[in-house]
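What follows is a single structure, written as structure tokens, with notes after it.
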Amino acid sequence: MVCVLTLFIHKVDAQIFSNSQGSIEEPKSADTASMKRDSIEKANKPKKLRAYPKSQLANTLWQMRDSLHQSDSTFSNVHRYFPASKQIIPSANLGVIGSPEKLLAIQPFTNSGIQIGFQQFPLQGKTPDNLEFHKVSQPFTNVKYLQGGGGIIGLDILHTQNLSATWNVTIDYSSILNEDMYTPKVALQQNLNRNTILGSNFTSKNGKYEQQIIFSWNRNRRLENGGLKTDSLFYGPNFQASNSIEQRLFGNYYPNLTNAKSFWAQTDHRFKHRYFLDSSKTFGISQSLRFQKVRFQYTDKTRDTSFYGNEYNFTKNKIADSTSYNLFEHKVGVNFQKTFSSLTANLQVNHIFQYLDYQYDTFLTKVKSYSINTQGFEGILNTKYKSWQIFAEANLFVLGYAQKAFLLNAELKKSFNKEYFLTLRGQISNQPVAQYLSTFTNNHYYFSADSLSSTPSNPNFTQQQFACINIVKKGKFLWGNMGLTLGSLQNDYIGINIAVPQKIDIVNYVQFSTDVSLKIGHFIFQEQVFLQLNQNKELANYGLPKLNARSAIFYQNEAFDQALLFRIGIEGTYTSQYMQLNYRPDAGAFYWNTNNLNPLGNYPVFDIFISGRIQTVDLFLKYEHLNEWLIVPGVNKRYEQVYKYPIEPYRLRFGFNWRFWN
């Protein structure tokens, strides 16, 4: 309100000032006509829209890395309202937005030491690892809204502002509420997913004291249906036809479960601060605290053993409590920084202490629990010389549970003429298996550390080494990026045929990705490709798709005297064939079926959309999964990312993205 009032006063002052100047000396008539003509021409020119505020990841900001970047304001992607549609790395969910997700590609380690690992929403979740602080001169709010088929209502609100010149506060909230599009009262797969993160980044006026406080909460409530009970009753009697293009004849959706519910919750809070003894930040001391908690609950009133199989954790009369992991981390250390002409170097050295408590019930005994702890050291080096940046990170644990665990990260960045950016990165790591993979017990399903020959005093370890190169091109008519990764993964643990994890000796992999856009006149062509080749003796291509590709064509123009910028486009996404992927709802676990009787993938999805921008509002209307009605020879007859969980049918959805300043 104060800002609005101040703006109003400034405008009134400007009008009074201009009127008083006009009363002193009236312009000549010729000049008046010229001024009117100039003002009309100026009014007809499109107004330059404000750019999104620049931002930086909280972690890289704390590590003193120069990685400030422009937040995404790409108009062409406003119709890609879901995180999975904004990236080219393949992923799978249970057919509806807001359901559990699995990335279908090998990922690098991001944290070291004891890890919980029970992350059901790697793309949707809001954590301190993906929080960004913003550089703003005035308060900024971004509101995203989504509505459409399947009873989906999506809301995402980001607000950021500086409470002082050196104090930025950011809050980001998102919510997804939806029903299953296949007769919700029968299919029973409703989701309510809510994510909230609040962050504060503060620096004192003299620059000696710095502080970060981040709170995050992620919650998901689901009605679990266990997937299709009978394929042919859903896909119709002709879904096996393959000799010619036919119209699909649909049946009914009958789920496996009708009385099951699940609840997953993750809390991740972090507090960091440091104090420098001098204003040039030559030497300082630092401390950080982290608390993370993950809970999972599952209930089913009917408890049908024909669905749950022989490995279940319930009786007819009793259901035990659920899984809970609690992780506490403390770091304390020193900071050194020195500038030599064009070279700036920063070194951080920390002692690390981690403690994890795991609690669970079984139907045979009362509450059981165990706790583990570990200690180690961390070193972070960040240097900058002109257009070169070098970053190195090393973790080594010397005592307790994660003893002998280590992680070495190195990154080199180089910019060329502000158009080309080169990044080289490598990693060598030896990490204990995540606790979720080592021991899991809930009120329906359990597997213990004994199945992995792992105990709190004798953990299993996974090793990974990789090297990658990434090139970014910025430009007005051609822009994009390209990356190549070579890596190896040893002693990985995944579910094969059952949800209990099993050890995989070695996987050698190659990953190639590209995201390129080309503008020719009023047309924009976009091509995104992710290619991965994995060598493993247990699973063909490690069960993963070799190819994930998205092609799009947009037509862009202006209308209504340049007041509206609009786009009309069509895009298609294709994922190549991959091994049958199953989901065990009472364990929240994905696992591969090596029989592979029903391979997934090899199915394209086509969408059309129209979008528009009016000042600070982006709108879109999108018709998705156009090809649902067709059975095409050579293409998978099942449109599923996870076995027995069909993706959503054709649907119409709309939404907007509205930006506010002050």
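Structural remarks
- Scanning the stretch 597-612 for residues that are open to solvent by 40 Å² or more (accessible area, probe 1.4 Å) and β-branched (V, I, T) yields I608, I610.
- Residue match in the stretch 638-652 (condition: within 30 Å of A499 (Cβ to Cβ) and among the β-branched types (V, I, T)): yes
- Residue pairs whose Cβ atoms lie under 6 Å apart, sitting 6 or more positions apart in sequence or on different chains, and linking a residue in the stretch 243-266 that is over 30 Å from F440 (Cα atoms) to a partner that is open to solvent by 50 Å² or more (accessible area, probe 1.4 Å) and of a type in the set (F, W, Y), are Q247/W629; R248/W629.
- Any hit, the stretch 203-213, residues being buried (at least 20 other Cβ atoms within 10 Å of the Cβ) and either over 23 Å from N582 (Cα atoms) or of a type outside the set (S, T, N, Q) (or both): yes
- When each of S438, S513 is tested for being under 30 Å from A260 (Cα atoms) and within 26 Å of the chain's Cα centre (by Cα), the lone residue that passes is S438.
- Qualifying residue in the stretch 561-574 (condition: open to solvent by less than 50 Å² (accessible area, probe 1.4 Å) and in a loop (DSSP other than H, G, I, E, B)): no
- In the stretch 243-262, of all residues being aliphatic (A, V, I, L, M) and either in a loop (DSSP other than H, G, I, E, B) or more than 34 Å from the chain's Cα centre (by Cα) (or both), the one that is farthest from F307 (Cα to Cα) corresponds to I245.
- Selected residue [of a type in the set (G, A, S) and at pLDDT 90 or above] from G634, G655: G655
- For the stretch 372-392, the tally of residues that are charged (D, E, K, R), modelled with pLDDT under 95 and more than 20 Å from K418 (Cβ to Cβ) stands at 0.
- Candidate set from the stretch 390-409 (those that are open to solvent by 50 Å² or more (accessible area, probe 1.4 Å) and not in a loop (DSSP other than H, G, I, E, B)); member that is farthest from M482 (Cα to Cα): L399
- Residue, surrounded by the fewest Cβ atoms within 10 Å (Cβ to Cβ), within the stretch 277-287, restricted to residues that are touching a Lys or Arg at 6+ places or on another chain (Cβ under 7 Å) and part of a loop (DSSP other than H, G, I, E, B): S279
- Total residues in the stretch 114-135, condition surrounded by 17 or more Cβ atoms within 10 Å (Cβ to Cβ) and farther than 29 Å from F512 by Cα: 4
- Residue check: R274 meets all listed conditions (1) farther than 23 Å from T323 by Cα; (2) charged (D, E, K, R); (3) assigned to a loop (DSSP other than H, G, I, E, B) but one, namely (3).
- Qualifying positions in the stretch 173-189 - in contact with a Gly (Cβ under 8 Å, 6 or more places away or on another chain) and crowded, with 19+ Cβ neighbours inside 10 Å: S174, I176, N178, E179, D180, M181, Q189
- Residues of the stretch 628-661 satisfying the condition of being among the aliphatic types (A, V, I, L, M) and open to solvent by 10 Å² or more (accessible area, probe 1.4 Å): L630, V632, V635, I647, L652
- Considering only residues in the stretch 98-134 that are among the aromatic types (F, W, Y) and farther than 27 Å from G400 by Cβ, the one that is nearest to the chain's Cα centre (by Cα) turns out to be F121.
- Residue match in the stretch 368-384 (condition: in a loop (DSSP other than H, G, I, E, B), open to solvent by 20 Å² or more (accessible area, probe 1.4 Å) and out of contact with any Gly (no Cβ under 8 Å at 6 or more places or on another chain)): no
- Options T170, T166, T141, T160; residue that is surrounded by fewer than 16 Cβ atoms within 10 Å (Cβ to Cβ), closer than 28 Å to Y52 by Cα and in contact with a His (Cβ under 7 Å, 6 or more places away or on another chain): T141
- K301 vs. criteria loosely packed, with under 14 Cβ neighbours inside 10 Å, under 30 Å from F447 (Cα atoms) and among the charged types (D, E, K, R): yes
- Residue match in the stretch 101-111 (condition: within 25 Å of R270 (Cβ to Cβ), open to solvent by less than 20 Å² (accessible area, probe 1.4 Å) and touching a residue at least 12 places away in the same chain (Cβ under 8 Å)): yes
- Filter result for F530 (among the aromatic types (F, W, Y), free of Cβ contacts under 8 Å to residues at least 60 places away in the same chain and either more than 22 Å from C468 (Cβ to Cβ) or open to solvent by less than 70 Å² (accessible area, probe 1.4 Å) (or both)): no
- Qualifying residues in the stretch 47-85 (those that are of a type in the set (D, E, K, R) and at pLDDT below 90) - the one most open to solvent (accessible area, probe 1.4 Å): K48
- Output for the stretch 374-392, where each listed residue is within 28 Å of the chain's Cα centre (by Cα), within 22 Å of L327 (Cα to Cα) and in contact (Cβ under 8 Å) with a residue 40 or more places away in the chain: E378
- Candidate set: the stretch 220-267, residues that are basic (K, R) and open to solvent by less than 70 Å² (accessible area, probe 1.4 Å); chosen: the one modelled with the highest pLDDT: R222
- Hits in the stretch 579-622 (condition: acidic (D, E) and modelled with pLDDT of 95 or more): D607
- Candidate set: the stretch 613-623, residues that are touching a Leu at 6+ places or on another chain (Cβ under 8 Å) and at negative phi; chosen: the one least open to solvent (accessible area, probe 1.4 Å): K622
The values are calculated or read from the model by the stated rules, or taken from the named source; none is laboratory data. Please read these numbers as outputs of a predicted model, since none were measured by experiment. Cβ sites come from the backbone with ideal geometry, for glycine too, and all protein chains shown count toward neighbours. Each accessible area value is taken on the protein alone, full model and side chains, heavy atoms only, with ligands, DNA and RNA left out. Shrake-Rupley method; radii C 1.70, N 1.55, O 1.52, S 1.80 Å.
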